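Worksheet: the structure to be examined is printed underneath.
Bear in mind that the values in this text are calculations on the coordinates, not laboratory data. Values in this document were obtained by computation on a predicted structure and should not be read as measured data. When we count neighbours, we look across all protein chains shown, and the Cβ atoms used for this are built from the backbone with ideal geometry, even at glycine.
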Amino acid sequence: MGADRIAVARDPGERGGPVSHAQGGLGADDWRRIFAGLADGDERALEALYRATAGRVFGLALWRTGSVEDACDVVQEVFVRVAGQARRLSRVADPRGWLLGLAHHVAVDTVRRRRRQREAPLDEAPFLTAPEHDSARLVDAQRVTRLLGHLPPAQREAVYLKHYADCTFAEIGAIAGVPTFTAASRYRLGIDRLRRLLETTP
Amino acid sequence: MNDDRDPLTHLLDGLAPPPPPARLESRVLRAAREALERDRSRDGWARAWESPVWRLAWAAALAVLIAGHVGLSLQPPAGGGVAGPPAAAPPPTAGGELAAVGGLQRLDVDARPLTGIVHEQPAEAPVPRRTNPRGEIDKETRS
């Protein structure tokens, strides 16, 4: 398999700047080519998959765990698991949902494990960023990051998936392993709480 | 809910989640390559053994065997009676070999049965009944 066949666009989440949630994402053919390459043991498919999806996986892990260190561990674990079952990936019906679902489960496991081990408080995760030259946006990013820290992880995750991963409520439910109604409820509760915090918190 | 006029939505639209750290790519890809190599180097037997489907099949087969064994051992005997200990249980219907032994042709049709060889104890001779002069049976010999 040639490298050009598995060359895909880099995940917008990796560019470092503001992300339009309408951008990004692989087409069905891209996923098929990447998974076929992985099944053949092609390491370039692994690199293509990382470039295309690492930003989303890292973002989801960060919003779920609330720690950059943990999010890095989650990303590594996700890609190790993907590589470990490369031969079976062709049977995955919804690759993007499957990958984000895997990230969700690994993140939840990581939080449980770390909760038992950790004594020091979590690092202050920068849930959102802005271009460095835009000082006003930077202040906004710091403020919203503080507000997001007040949300339960499940609500924060639903807001992330809806707003930055462009998922439907049904997809969020499938990723988090909850009914669609619960996913929608988590999102609305999270948004409502953020609004209240925004009004009352300086 | 009109999100177009919602300040929170505007705020979120102008911001973005941070990208993964640059150093993470090499670390993740190195670990993933090792996993990919391990997956490639495993033989068919190892993959089959680690396959959840195969493990499920093994577990299901074992469960069926155990259930069958327990079911057979708890099955009540024919006729509905209480089963006795195995030694006291009536012998099963004679098999073909046993039936053949029972139906052996006699070599000497005039042979006397074995029971005739053993001398039986002769029965005690009955006491003759005595009668008295009036013709009645004597009490001592009545029984």
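Some points to look at:
- Couplings 3J(HN,Hα) for the stretch A:29-41, derived from phi with the Karplus relation 6.51 cos²θ - 1.76 cosθ + 1.60 (θ = phi - 60°), are 5, 4, 4, 4, 5, 5, 5, 5, x, 5, 5, 7, x Hz, where x marks Gly and Pro.
- Counted charge near B:D39, where neighbours are those whose Cβ lies closer than 9 Å (Asp, Glu -1; Lys, Arg +1): +4
- Neighbourhood net charge (11 Å Cβ-Cβ; Lys/Arg +1, Asp/Glu -1) for A:H104: -1
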